[in-house]
Amino acid sequence: MKPSRAQKVWMYEQMLTSRYFEECIEKIYMEGKSPAFNMAKGPIPGEMHLSNGQEPCAVGVCAHLKPEDIVTSTHRPHHVAIAKGVDLDRMTAEIFGKKSGLSGGRGGHMHIFDPAVNFSCSGIIAQGMGPAVGAALSRKLQGLEGVAVAYIGEGAANQGAFHETLNLAAVWKLPVIFVIEDNAWGISVSKQTSTAIERNDRRAAAYNMPGHYIPGNNPLSTFEIAGEAINRARLGEGPSLIEIETARLAGHFMGDAEGYRPEGEKEALFKRDPIPLMKQHLEEAESWSDAEEAALQSSTQARVDAAIRFARESAYPAPEEAMEKVFV
């Protein structure tokens, strides 16, 4: 299944939106945090994990999804949330800790929930795998349409939840797709020194499900493989495991000095930035014009700018609301 021109443009649009959003968040996050870095200061306190460079993992999969399909993501969730259609204004307000946020400002950027499009994420490694399998089981038992997609990092493939959920998904033949975003680093620990197997897709064979490896951080290849796995799940043929070779172009978190990276690694990653490569493909294969590029750049930036303006202008929750919604 190869993407149409319209699907390629949609993927490129989501990639541009995600990248510009993250670049804006990066600047705002640093407000008030100098001269001495203090993550408690500024309009966005706490940790911040950017997904710059990992956009193909989101768009190649989410291009096939419907609102009723369930997605659980990681502590690095913005690119997936945007591609799944999460309300950008309310997501941004949530990141700012504002009352108009998706969870009233209580969750922050690692706990984004939007039931309107069945999206959630968590700061706990591999935490979303169980809920995704549960959602898929619920759909199957009720005879409802919809698949579940669980995003994890390559480090999460060494968690017990990974093996437990793959086993149950296969035993019960559930409509769930496990997507591993392999950016080669679990915080500051390389995959080579933490994982006994070179490619996690090969672990799929132990759980009697197809395993796919997608090299090159390519949204088009991701689209094709994800389409195959999602269609298989929709037909009732069970789960699949996909590992995507990707790259984070920023540190594990804002303020990460990245001293663990080998010399020259980051510069090499920027030379393979997927967004310029996607633009080049559109120009060569789809007669993408300068006018189309300018219009898309303008519309995506206007959308993000509006979301940030909405967040900045929104009110903080009142202190007396701190204990509300604790028990629901």
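What is the ratio of the Cα radius of gyration of the stretch 1-157 to 2.2 N^0.38 Å, with N the residue count, to two decimals?
Working: Rg = 16.1 Å, N = 157, 2.2 N^0.38 = 15.0 Å.
In units of the globular-protein estimate, the stretch 1-157 measures up at 1.07.
Take the alpha-carbon centre of the stretch 114-138, take the same for the stretch 240-277, and report the distance between them in whole Å.
25
At 1.4 Å probe radius, can you tell me the per residue accessible area of the chain in Å²?
Per-residue value: 44 Å².
Measuring from label point to label point, each 7 Å out along Cα→Cβ, what is the Lys266 to Val171 span in nm?
4.5
If I build a Gaussian network model for the chain, linking alpha-carbon pairs within less than 10 angstrom, which residue out of Val59, Val171, Val304 has the largest mean-square fluctuation?
The residue with the greatest mean-square fluctuation here is Val171.
Report the FRET efficiency, 1/(1 + (r/R0)^6), for Arg202 and Ser103, where r is their Cβ-Cβ distance and R0 is 51 Å, rounded to 0.05.
0.85
Which percent of the accessible area of the stretch 235-328 is formed by carbon and sulfur heavy atoms (probe 1.4 angstrom)?
Values: 3110 of 5610 Å².
Solvent-exposed carbon and sulfur of the stretch 235-328 make up 55 percent of the total.
Taking a 19 Å limit on the Cα-Cα distance, which of the listed pairs Lys84/Lys140; Lys27/Lys99; Lys66/Lys140 fall beyond it?
Too far apart for the 19 Å limit: Lys84/Lys140; Lys27/Lys99.
If you roll a 1.4 Å probe over the stretch 1-117 with all protein chains in place, what percent of the accessible area is carbon or sulfur?
56
Cross-link candidates for Lys2: which aspartates and glutamates have Cα within less than 14 Å, leaving aside residues fewer than 8 places away along the same chain?
Glu224, Glu228, Glu286
Kindly provide log₁₀ I(q)/I(0) values, in the same order as q = 0.16, 0.23 Å⁻¹, from the Debye equation applied to equal alpha-carbon scatterers of the stretch 111-231.
These q points yield log10 I(q)/I(0) values of -0.82, -1.59.
Let me know the volume per residue of the alpha-carbon convex hull for the chain, in Å³. Could you put the intermediate results ahead of the total?
Details: hull volume 45.8 nm³, N = 328.
In the chain, the Cα convex hull volume per residue is 140 Å³.
Hey, any idea what % of the stretch 144-227's accessible area is carbon plus sulfur with a 1.4 Å probe?
Values: 1780 of 3480 Å².
Accessible surface attributable to carbon and sulfur in the stretch 144-227 totals 51 percent.
With each pseudo-label sitting 7 Å past Cα toward Cβ, what's the Phe327-Gln297 distance in nm, one decimal?
My value for the distance between the label points is 5.5 nm.
If you take every DSSP beta bridge whose two residues both sit in the chain, what share of them, in percent to the nearest 5, is antiparallel?
Values: 4 of 26 bridges.
Restricted to the chain, the bridges split so that about 15 percent are antiparallel.
Using label points projected 7 Å from each Cα along Cα→Cβ, tell me how many nm separate Ala315 and Lys27, to one decimal.
It works out to 2.9 nm between the two label points.
Can you tell me which of Arg248, Arg303, Arg19 moves the most in a GNM of the chain? Springs connect C-alpha atoms under 10 Å apart.
It is Arg303.
Rg (Å, one decimal) plus Dmax (Å, integer) for the alpha carbons of the stretch 179-269?
For the stretch 179-269, the Cα radius of gyration and maximum Cα-Cα distance read 15.3, 47 Å.
If you count, for each residue, the other Cβ atoms within 10 Å and average over each peptide, how do 134-142, 113-121 line up from highest to lowest?
Put in order of decreasing packing, that is 113-121, 134-142.
Springs between alpha-carbon pairs under 10 angstrom, Gaussian network model over the chain: which of Ala148, Ala315, Ala229 fluctuates most?
For the chain, modelled as a Gaussian network with Cα springs under 10 Å, the answer is Ala315.
Let me have the 222 nm mean residue ellipticity of the chain computed from DSSP H runs of 4+ only, each contributing -39500 (n - 2.57), with the sum over all residues rounded to the nearest 500.
Rounded to the nearest 500, it is -13000 deg cm²/dmol.
The values are calculated or read from the model by the stated rules, or taken from the named source; none is laboratory data. Predicted, not measured: the structure shown is a model, and the values here were computed from it. When we count neighbours, we look across all protein chains shown, and the Cβ atoms used for this are built from the backbone with ideal geometry, even at glycine. These accessible areas exclude ligands, DNA and RNA; they are computed on the full protein's heavy atoms, side chains included. Shrake-Rupley method; radii C 1.70, N 1.55, O 1.52, S 1.80 Å.
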